[in-house]
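One structure below.
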Amino acid sequence: MSLREEEEASVSLSNSVIATDGALATSGRKVAVLSKRQRRIRNALVAYSFIAPNFIGFAVFTLGPILFAFALAFMHWDGSNAITFAGLDNFWRLFDDKAFIAAFWNTVIYTVASVPATLICALGLAVLLNQKIAGRDFFRTAMFFPYVASLVAVAVVWNMIFNPEMGPVNMILYTLGLDPKNMPGWAADRHWAMVTVILFGIWKNMGYYMVIYLAGLQGINSELYEAADLDGANSWQKFIHVTVPQLGPTTFFVTVMLTIQSFKVFDQIYMITQGGPGTSTLVLVYHIYNEAFISWDLGYSSMVALVLFFLVLAVTVFQFRRQREDGE
């Protein structure tokens with residue numbers, strides 16, 4: 001073999017070695033990429049395996065029924081016979097249903113009255129029980145107790161306290177000189193039944209939101225109060241110009257939660273008045289209950305539920321937009 005042929009063979013061997021090394025490097029990179037992708041897939045599967053039980057329960061018991069109710073709002077169904085398409089019949093029926101109109105306005109009245117009253121009571125209690133007073137822990141527990149107590153028990157006690165004939169509230173009013181003929185009938189009187197339900201809702205819920213406000217108060221920087229003291233501010237001025245602005249996010253959260261809770265009020269209506277006397281305390285959720293499980297008109301009750309859903313959604317979106325505008 002000549003020298004030239006040996007050089008050509010050496011070059012060819014070098015090229016093939018380089019090509020082999022390049023192929024091995026490319027193959028190694030591919031293996032590394034596949035390995036990293038497999039690890040990501042494996043990690044994702046592990047994460048989804050933890051989420052899956054809760055999501056499956058949510059899909060079966062919450063999301064599925066919600067979607068079915070949305071579809072059922074445009075159907076006729078009594079729970080036993082075949083489902084038939086109703087179109088917008090259930091929707092147009094709302095405008096001729098006096099019970100629905102009464103329930104709608106009663107729900108609005110309950111919300112408008114109970115939300116600000118509960119918020120003010122909760123904030124007042126939080127400010128008071130945030131001070132260093134004797135028995136503070138006891139009073140905090142006592143104020144929170146109605147929220148965690150059995151609704152059946154507290155509703156029975158509430159009816160006894162506001163009994164028109166033997167209740168201690170009317171006895172106190174009689175002692176103060178009120179004419180027995182003018183005594184409020186409370187839950188038994190169509191003019192006072194809504195007032196009774198609203199007072200019950202405020203009393204039962206204010207302890208829970210008091211705890212939320214207490215958490216917000218304890219997060220306020222004490223240096224702000226010290227600066228206000230140096231400026232000569234009194235207690236009311238410190239409350240208005242320091243406490244209230246610093247509790248803005250907490251107040252927004254409480255307002256949204258109270259609004260949603262008030263629109264879907266049901267349990268206390270069921271336990272105290274059952275929507276009566278007449279339709280004086282009939283609210284939307286109780287009307288849905290009557291139509292669905294008393295009259296078994298599941299299509300129409302689903303339409304009422306759909307209206308309630310969009311009503312709560314609209315109010316909540318409005319609140320968030322106002323909060324965003326105020327923040328800007």
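The values are calculated or read from the model by the stated rules, or taken from the named source; none is laboratory data. Quick caveat, the model's predicted, so the values are computed rather than measured. FYI the Cβ positions are ideal-geometry reconstructions off the backbone, even for glycines, and counts take in every protein chain you see. Just the protein is used for accessible areas: all its heavy atoms, side chains included, with ligands, DNA and RNA removed. Shrake-Rupley method; radii C 1.70, N 1.55, O 1.52, S 1.80 Å.
Numbers for the structure displayed
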| read-out | value |
| --- | --- |
| Long-range HN-HN contacts of H76 with modeled amide H, under 5 Å | T84, F85, A86 |
| Positive-end residue of Q38, T111, P180, charge dipole of the chain with Cβ unit charges | Q38 |
| Evaluated over region 76-223, the Cα radius of gyration and Dmax, each in Å | 21.5, 69 |
| Span from the region 140-197 Cα centroid across to the region 268-299 one, whole angstrom | 22 Å |
| When region 171-328 is reduced to its Cα atoms, the Kirkwood hydrodynamic radius in Å | 19.3 Å |
| Whole-Å semi-axes of the ellipsoid equivalent to the chain (Cα gyration tensor, √5λ, descending) | 62, 35, 18 |
| Gained length - Y174 relative to A233, 0.36 nm times residue gap less alpha-carbon distance | 16.9 nm |
| Charge dipole (region 153-311, unit charges on Cβ, about Cα centre) - positive-most of G276, M206, L258 | G276 |
| Ranking by accessible area, most exposed first, for F104, F320, F263, F145 with a 1.4 Å probe | F145, F320, F104, F263 |
| Per-residue SASA entry for L176, accessible area with 1.4 Å probe, Å² rounded to 10 | 140 Å² |
| Under 15 Å, Cβ to Cβ, from L129 - net charge with Lys/Arg +1 and Asp/Glu -1 | +2 |
| Rg ratio (alpha-carbon, reference 2.2 N^0.38 Å) - region 161-217 | 1.48 |
| Kyte-Doolittle mean at least 0.0, axial Cα span of 27 Å or more - DSSP H helices of the chain | 3-58, 98-129, 193-218, 298-327 |
| The chain, dipole about Cα centre (Lys/Arg Cβ +1, Asp/Glu Cβ -1), debye to the nearest 20 | 420 debye |
| Set K132/K238; K98/K264; K181/K264 screened for pairs whose C-alpha atoms are more than 25 Å apart | K181/K264 |
| Projected area averaged over orientations for region 99-170, convex hull of C-alpha atoms, nm² | 7.2 nm² |
| Exposure of V112 as accessible area (Å², to 10), given a probe of 1.4 Å and all protein chains | 100 Å² |
| Under 13 Å, Cβ to Cβ, from W77 - net charge with Lys/Arg +1 and Asp/Glu -1 | -4 |
| Percent of Cα pairs exceeding the 19 Å cut-off, where the set is region 50-146 | 71 percent |
| Dipole axis of the chain (+1 Lys, Arg; -1 Asp, Glu on Cβ), positive-most option in L129, F310, A233 | L129 |
